[in-house]
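This report refers to the structure that appears directly beneath it.
The values are calculated or read from the model by the stated rules, or taken from the named source; none is laboratory data. Being a predicted model, the structure only gives us computed values, none of them experimental. Glycine gets a Cβ as well: all are built from the backbone with ideal geometry, and neighbour counts include every protein chain shown.
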Amino acid sequence: MGTEAIGDRHRRSVSGLHDSTGARSLSVRIVGRGFLMTPSGQHLICCLVNLLCRMVDTVDRIELDIPDVQLTVPIPVPQHPGDLHGSLIALSEWAVGDAVSITEAETAPDLVISLGGGDEAYGEAEHIYAVSDGWYAWVGTKGNYPGAFALSVDRNPLGAFLAASLVAGEVFKRSRGLIRGKWITDLGYCLWENKPLPYSARLQGPTLDNASLPPFYIIGAGAVGQGLHYLLGAALIRDSYVVTIDDDRHDETNLNRCFLAGRSDIDHPKVEAITRFRKAYDLDGLEFDGSLADYITSNIPDLRSDLKRLEADDRMDYVVSCVDKGTSRQDVQGLWPRLIFGGSTLGLTAMASIYDLGEGTPCLGCHNPPEKDGDTLRKVEQLVRAMQPDELRRYLAHSKDATEIENYILAGEKCGSLGAAQFRAFATEVSKEFSVSFVSMAAAVLLASRLLSRLIDRSQESLPLPPMTSVAFLNGTLENQKLSIDPQCSKCHGDPISAFRKNVAALRDVVESTAPNNLR
């Protein structure tokens, strides 16, 4: 397996950074002491290594200067030796092989990441500092580091995973170079309060020990969906039941951001990686290898009985949308659930939203119209038909169907041919936008914090949360925003409250009219 495909999606152009052709491949040293004996410290370094090792060509080498301690938190790698140092090496090798080397501290690094403080000096290397505690994350420079702090036993991974995402983002920005934007020098953020706070004023928020969640559905098992599962597993939230639905397979380009997948998962269903991780940590749930339409029309014998009853009434109360296409989001909204939690990425920005139609938020269909695949196909076809044969072969080099596609383009095969179908799949793939590990993980963190804040205690369903929170990595900011209703939306027609009530009532009418007399 070559490194070219793994780094393909994060080598693409992204607003605010220089082109990848001039990027530096950095050696990064991660330093930590007592903080790495805490659950939060181990969550932070495990997530950080998972992110950095997938940033092929951005990171050349990861050096570890850490204590000899046992691993005490869940990680995705199926087999590891049990100690923190060895397990991090196993994680990187499982994920991307030797694409990024992971070693002991050797030569002078380009960048030093200090987790939980430390006064080590490594020549001219630039330093980034990070610390986390429960719902809280802080990232910045040494001059702003909050100093001594009490070592926490809180097992909540949210703040740690946010800190890891922010640090990985700073590494990426240094590799590519800024056109606009800024470095993070002093950013503390409390996910429970959804606002910036200095370390001294951080709020603990509720513990996740013995947390309980109602059953819910995750539509999409790609990067954000896997990040959410990783967080639920890291928090050891066993009192829940998650149904995950996805019909896609992993390819090599997915390894740069699918956190539960390694080299052996290529060409396998994405839901298989979730099944493996879930079972490793005794999490309850079910994975369905198929589309949402397939799921709705299928008989799922292993589905938990209470969900079978609810689905028989056309009820899917809590749905998490981790899909990245407008057409798929329209399909999710068509379920008309009580609450939709949405997580998404756009360039260097991660976003999470709550769609609560009973309270008048926009629906998921607002501003997410179905894609016009024909337009994409025409643009890519115009591009490749203008290429010379040698140029076309280089362009198709990483496609397993290169010969058939080349015949379709050069030999004038008809539209109904096998080559035409393979070209359609290729065109859809190459039209995908920039994406990178830390943005997807940040979206998963925001999504998990919303899900847990709203549902961890259902008596708090009125807990005020902003409709949307976003992380803008280019400027190192986290912001809360409102969501606007789309008056042209084909789902809610600009009136989400009425649309929700009408559609829920219609679903109930259908159930009642088709149910046997003894069940009415």
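Structure summary
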item	result
Unmet criterion (only one of (1) surrounded by fewer than 19 Cβ atoms within 10 Å (Cβ to Cβ); (2) of a type outside the set (D, E, K, R); (3) more than 20 Å from residue 54 (Cβ to Cβ)) for residue 320	(1)
Where residue 134 falls short, out of the listed (1) at pLDDT 95 or above; (2) surrounded by 22 or more Cβ atoms within 10 Å (Cβ to Cβ); (3) under 23 Å from the mean Cα position of the chain (by Cα)	(1)
Contacts under 6 angstrom Cβ, first residue in the range 149-171 being at negative phi and assigned to a helix (DSSP H, G or I), partner buried (at least 24 other Cβ atoms within 10 Å of the Cβ) and among the aromatic types (Phe, Trp, Tyr), 6 or more apart	158/135; 159/135; 159/136; 165/438; 168/438; 169/438; 169/473
The one condition in (1) touching a strand residue (DSSP E or B) at 6+ places or on another chain (Cβ under 8 Å); (2) farther than 20 Å from residue 474 by Cα that residue 194 fails to fulfil	(2)
Test: residue in the range 285-300 that is within 20 Å of the chain's Cα centre (by Cα) and aliphatic (A, V, I, L, M)	yes
From 227, 220, residue being on the phi > 0 side of the Ramachandran plot and buried (at least 21 other Cβ atoms within 10 Å of the Cβ)	220
Count - residues of the range 17-72 that are among the hydrophobic types (A, V, I, L, M, F, W, C), in a strand (DSSP E or B) and either closer than 22 Å to residue 150 by Cβ or free of Cβ contacts under 8 Å to residues at least 24 places away in the same chain (or both)	1
Residue check, residue 189 closer than 22 Å to residue 32 by Cβ and buried (at least 22 other Cβ atoms within 10 Å of the Cβ)	yes
Selection count, the range 104-129, where residues are touching a Phe, Trp or Tyr at 6+ places or on another chain (Cβ under 7 Å) and either at pLDDT 95 or above or crowded, with 21+ Cβ neighbours inside 10 Å (or both)	6
Subset of the range 285-300 (residues that are closer than 14 Å to residue 312 by Cβ and among the hydrophobic types (A, V, I, L, M, F, W, C))	296, 300
